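What follows is a single structure, written as structure tokens, with notes after it.
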Amino acid sequence: MQTSFTAEQLRDPDLAEANTILRKCVHCGFCTATCPTYVLLGDELDSPRGRIYLIKDMLEGGKQATERVVRHVDRCLSCLSCMTTCPSGVNYMHLVDQARVHIEKTYRRPFIERTLRALLAAVLPYPARFAAVARLGLLVRPLAKLLPGKLGAMEKLLPERPLAAPLSPQVYPAQGKRRMRVALLAGCVQQPLAPEINAATIRLLTRHGCEVVVASGAGCCGALAHHLGKDADTSIKANVTAWMAEKERGGLDAIVVNASGCGTMVKDYGYLLRADPAWAGKAGAVSSLAKDVTEVMAALGLAGAKAPEALTVAYHSACSLQHGQRIKDEPKRLLKEAGFEVREPAEAHLCCGSAGTYNLLQPEIAERLRARKTANLTRTGAGVVAAGNIGCMVQIAGGLDLPVVHTVELLDWATGGPKPAKLA
């Protein structure tokens, strides 16, 4: 694709990067076949190729974002399916994220939309705040049918059970000979919403010889704010500081992430802070250490794994794992090694509609994608769904009668841990 950024514009490292990305696009259109919004809506502007044209025109001309551009960029899930399809290596993730920052700076959204996005950025990354708001939301549940669009979508995602307290900074010793020392990203929404995921992760890792550290000062990965076009540097730098301190204190072999959306973000820290001399090296070091929990377990190998019961598992491959991190085989292979029968649904490459805050901001499209995903999962005939991302788990569970558990819960169970509560 030809571009016409000025020499002055190209002195901006972000615009220089956008120019490089845009020039790789050859207009082939392969991305349209795997883009969930194009598959649903059939509008070229709701495909990666269409959005690239809109973003190019906006950034190249230094224009303020228009309602038309905002509408189509907002509809992008950032599922990154286009990136695994693209034969030219176009880094659509970095381009659309840059577009979102530009939109946030130059476009004034309607009051309700602006307030909702600010609320999400102020609440979701903080476990204590999220728990407090969730408790308040449960009080209005009887009035749920009266809540309009996006507020109604938020209410539907509220948990039925009391929320748990977040993990405190501590060290979990390895069982037997220590093979690795790892830091665990405890996460934000996942902690109060599904504490069993971190508990299973810690049991699984320590059982296989890992000393697990929950570092003081580490918190939200920053993805929620980042994908809203807001500044995530504070969260990123807090995590880099916390993990580098642990690395210097006792060494780290890996930073383990069990929410794949967070993993994609942490692995991108080096890129996001590349222009900051004081942080680029440290952020790059953190990114190089970041591993999805299934990557670590694939390297360690499952010890004495045996499925306690015959169980057929439908594996849902989260977009942030299969497209964002290019991890497709490890989770399925581990589940099979643990003794479970694994089935993959049709259209496994298509997003379930969760996509961070997408199901709250674009509930109509998210609902259509969920219906499509849950129908495909049901057709597998499996008895349980396994996934590696909390957002996907909540989204899918809202439209499915089958139990939905994290992959590590099944691996923990098969290697001596408790039976997942949702299967009891």
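The values are calculated or read from the model by the stated rules, or taken from the named source; none is laboratory data. Just so it is clear, the structure is predicted and the values come from calculations on it, not from any experiment. Don't worry about glycine lacking a Cβ; one is built from the backbone with ideal geometry, like all the others, and counts go over all protein chains shown.
Here are some notes:
Residues checked against (1) of a type outside the set (S, T, N, Q); (2) modelled with pLDDT of 95 or more; (3) closer than 25 Å to GLN325 by Cβ:
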| position | (1), (2), (3) |
| --- | --- |
| THR3 | no, no, no |
| CYS35 | yes, yes, yes |
| LEU40 | yes, yes, yes |
| SER47 | no, yes, yes |
| GLY61 | yes, no, no |
| CYS79 | yes, yes, yes |
| VAL101 | yes, yes, yes |
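- THR106, sole failed condition from (1) more than 24 Å from the chain's Cα centre (by Cα); (2) modelled with pLDDT under 95: (2)
- Residue in the range 193-218 that is surrounded by the most Cβ atoms within 10 Å (Cβ to Cβ), counting only those that are part of a helix (DSSP H, G or I) and of a type in the set (Val, Ile, Thr): THR201
- Between ALA7, ALA33, the distinction of being of a type in the set (Gly, Ala, Ser) and either crowded, with 17+ Cβ neighbours inside 10 Å or touching a residue at least 24 places away in the same chain (Cβ under 8 Å) (or both) belongs to ALA33 only.
- Going through (1) acidic (Asp, Glu); (2) buried (at least 24 other Cβ atoms within 10 Å of the Cβ); (3) farther than 29 Å from SER317 by Cβ one by one, GLU248 falls short only on (2).
- Once the range 405-424 is narrowed to residues that are surrounded by 23 or more Cβ atoms within 10 Å (Cβ to Cβ) and aliphatic (A, V, I, L, M), the residue that is nearest to LEU377 (Cα to Cα) is VAL405.
- The residues on offer are LYS306, LYS336, LYS373, and the sole one that is part of a helix (DSSP H, G or I), surrounded by fewer than 16 Cβ atoms within 10 Å (Cβ to Cβ) and either touching a strand residue (DSSP E or B) at 6+ places or on another chain (Cβ under 6 Å) or basic (Lys, Arg) (or both) is LYS336.
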